[in-house]
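Peer 1: Just passing along the structure, written as structure tokens.
No value in this document is a laboratory result; all are computed from the given coordinates. Everything numeric in this text was worked out from a predicted model, so none of it was measured. When we count neighbours, we look across all protein chains shown, and the Cβ atoms used for this are built from the backbone with ideal geometry, even at glycine.
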Amino acid sequence: MCGTALALLCISIVWIIGLVVVRGIAALRPSLFTTVTQGTGGGLLNAIEGTAVMAVGTLLLVVPFGLSAGIYVAEFPSSRWAKVIRFLADVLVGLPSIVLGYFGYVTMVEGLGWQFSVAAASITLAIISLPYVSRATEVALVEVPQELREAAYAMGAGAGTVTLRICMRLALPAVITGVLLALSVSVGETAPLLYTAGWSNYAWDGRLTGSPIGYLTYVIWAFINEPFASAHALAYAAAFLVTTFVLLISIASRLILIRRRR
């Protein structure tokens, strides 16, 4: 039964990836990377740029908070705040992303008056990605041998030095893997961005609020339902780019883990 389930899963994955690759490559052309979307045609420059901007914004927000939360939970596992952080991380992982998108719409788009914007989208994606970075940091630090900590303390190192300069060096590959996983999650999201980023046929104007922005997953979601061949080509090309990016992130995280084990 396990072998059959594994075979069905592998067949499904290969089928999906094969379909995206074959139709995506057929839809690729140089103008996709040099022109913006025009109705149901044109290129994907605005969507590629918007995806990159929101991914960078998400990392700038999630890395410091995620690392801080993970370090605190790992170093003070029995404290009350550590239990609260761990519980909230579990809740966020199981919460549907569209719910967080609605939260971002109510609080930032409408409540703060930011409208559809990069800031609202990046903050929402950071909230979604936060538990992945936090939990990866916690697990990586817990796996550091206790003897190493004791040896550092015995040589006169303080708690901050032990954690940040010794333990984090060993835990860094696993932490980077968690960050890459959070990045792939943020790049592949659609539902929360519909409520926070909106959509724009133009390139990003540099404003963090009051200006919608394009992104690749919107092209996949919206254009595949259009009755035009040009729209379908853009959808398949966007799907190919997103899939390729996520696959590269997955491969990079695997290589980092293999190097860490060695």
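Peer 1: Using only the alpha carbon atoms of the chain, find the Kirkwood hydrodynamic radius as the inverse mean reciprocal pair distance, in angstroms to one decimal. Please list the in-between numbers first.
Peer 2: Numbers: mean 1/r = 0.0495 Å⁻¹.
After inverting the mean inverse Cα-Cα distance, the result is 20.2 Å.
Peer 1: Top mean-square fluctuation among 217, 107, 137, Gaussian network model of the chain, C-alpha springs under 10 Å?
Peer 2: Looking only at 217, 107, 137, the biggest GNM fluctuation is shown by 107.
Peer 1: Taking springs between alpha-carbon atoms closer than 10 angstrom, which of 135, 29, 86 fluctuates most in the Gaussian network model of the chain?
Peer 2: The residue with the greatest mean-square fluctuation here is 29.
Peer 1: A follow-up question, please. Of the peptides 7-13, 62-68, 166-172, 90-96, how do they stack up when ordered by the mean number of other Cβ atoms within 10 Å, highest first?
Peer 2: Highest mean packing first, the order is 62-68, 166-172, 90-96, 7-13.
Peer 1: On to the next question. At 222 nm, what helix-only mean residue ellipticity would the chain give, in deg cm²/dmol to the nearest 500, using -39500 (n - 2.57) for each DSSP H run of four or more? List each step's numbers first, then the result.
Peer 2: Details: 10 runs with 182 residues, N = 262.
Result for the chain, helices only: -23500 deg cm²/dmol.
Peer 1: Which whole-angstrom value gives the distance between the alpha carbon centres of segment 167-241 and segment 97-124?
Peer 2: Using only Cα atoms, the two centres lie 15 Å from each other.
Peer 1: Can I ask one more? Suppose the chain between residue 52 and residue 115 were pulled fully straight at 0.36 nm per residue; how much longer would it get relative to their current alpha carbon spacing?
Peer 2: Stretched fully, the residue 52-residue 115 segment lengthens by 20.7 nm.
Peer 1: Over segment 9-261, what is the relative contact order in percent, taking alpha-carbon pairs closer than 8 angstrom and at least six residues apart?
Peer 2: The value is 30 percent.
Peer 1: If r is the Cβ-Cβ distance from residue 79 to residue 229 and R0 is 41 Å, what FRET efficiency results, to the nearest 0.05?
Peer 2: Result of the calculation: an efficiency of 0.10.
Peer 1: By how many nm would the segment from residue 157 to residue 5 lengthen if fully extended, with 0.36 nm per residue of separation less the alpha-carbon distance? Don't skip to the end; give the middle numbers.
Peer 2: Working: separation 152, 0.36 × 152 = 54.72 nm, distance 5.12 nm.
Length gained between residue 157 and residue 5: 49.6 nm.
Peer 1: Ok, one more. Can you tell which of 98, 128, 157 lies farthest toward the positive end of the dipole of the chain, using +1 and -1 charges on the Cβ of basic and acidic side chains (Lys, Arg; Asp, Glu)?
Peer 2: Among 98, 128, 157, the one farthest towards the positive end of the dipole of the chain is 157.
Peer 1: How many nm separate the modelled label positions at residue 148 and residue 244, each set 7 Å beyond the Cα in the direction of the Cβ?
Peer 2: 3.7
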